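Colleague: One structure, as structure tokens, below. Some questions next.
The values are calculated or read from the model by the stated rules, or taken from the named source; none is laboratory data. In this text the structure is predicted, and so the values were computed from the model without any measurement. Here the Cβ positions follow ideal geometry from the backbone for every residue, glycine too, while neighbour counts run over all protein chains shown. For accessibility, only protein heavy atoms count, side chains too; no ligands or nucleic acids. Shrake-Rupley method; radii C 1.70, N 1.55, O 1.52, S 1.80 Å.
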Amino acid sequence: MDEKRAGWALGLALVVLGVLLLLQALGVALGRWLFGLLLLGAGGGFLAAYLQGRYGWASIPGLGLLGLALALFLEGQAWAGSLFLLGLGAGLIATYLADRAQWWALIPGGILLSLAGVALVEGLWAVEAGWLLFLGMALTFAALFLLGHRWALWPALGMLLPLALTREPLRLFLAYALPLALILVGGYLLWRSLRRA
């Protein structure tokens, strides 16, 4: 698919989606399955553009629309809403994978994947899982730190503090893990600075 045809497909997908959303807002009953199929088609169009390598950002609406379509098909399932968040988060991660200069996409991607995890766990098992948000955010910033963004260490450690207060087993674990992590990171920073001197 050349650039002109990819632009045409994206344009058509946006127009069709906009018309469907407008009709839905005006009260025209489209039917959940028809609407879901159209969302699948639109998401597939965006993913086709992403896979061509010209539009790295197209993975965001592509996977988001696919997740929304699946959520519509599974309406009534308590965890179905997590699929939309999962699609958007995965789309942001895919944006980074297409262009490593877009590292910023890892932050909202990680947060959305964390929210999807919360919705999935709470929907499947009906237990409070808000702590997963803090864990996911800590892991997101830890990944950025490992990718060379040294500033990300502090938000990663900061996300562990509220996590320690949410669940008793995690609080006990982090009562020991957090001090040990601080000692290890501090020791590494000291060792690195002494090595350079």
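Colleague: What is the angle, in °, between the Cα long axis of helix 3-25 and the longest principal axis of the Cα atoms in the chain? Nearest 10 is fine, range 0 to 90.
Modeller: It is inclined by approximately 80 degrees.
Colleague: Choose one of VAL16, LEU157, VAL28: the residue whose Cα lies farthest towards the positive end of the charge dipole of the chain (beta-carbon charges +1 Lys, Arg; -1 Asp, Glu; about the Cα centre).
Modeller: LEU157
Colleague: Assign one of three labels to the range 25-121, namely rounded, prolate or oblate, based on the Cα gyration tensor with a ≥ b ≥ c the square roots of its eigenvalues; rounded applies when a/c is under 1.5, prolate when it is not and a/b is larger than b/c, and oblate otherwise.
Modeller: Taking the square roots of the gyration eigenvalues as a ≥ b ≥ c, the range 25-121 is oblate.
Colleague: Over the chain, give the accessible area per residue in Å² for a 1.4 Å probe, as an integer.
Modeller: 58
Colleague: When you count, for each residue, the other Cβ atoms within 10 Å and take the mean per peptide, how do 128-139, 61-72, 108-119 rank with the highest first?
Modeller: The densest-packed peptide leads the list: 61-72, 108-119, 128-139.
Colleague: Going by alpha carbons, how many degrees (0 to 90, nearest 10) lie between the helix axis of 81-98 and the longest principal axis of the chain?
Modeller: For helix 81-98, the angle is close to 70 degrees.
Colleague: Next question, about the same structure. In percent, what relative contact order does the range 21-146 have, based on Cα pairs under 8 Å that are 6 or more apart in sequence?
Modeller: 19
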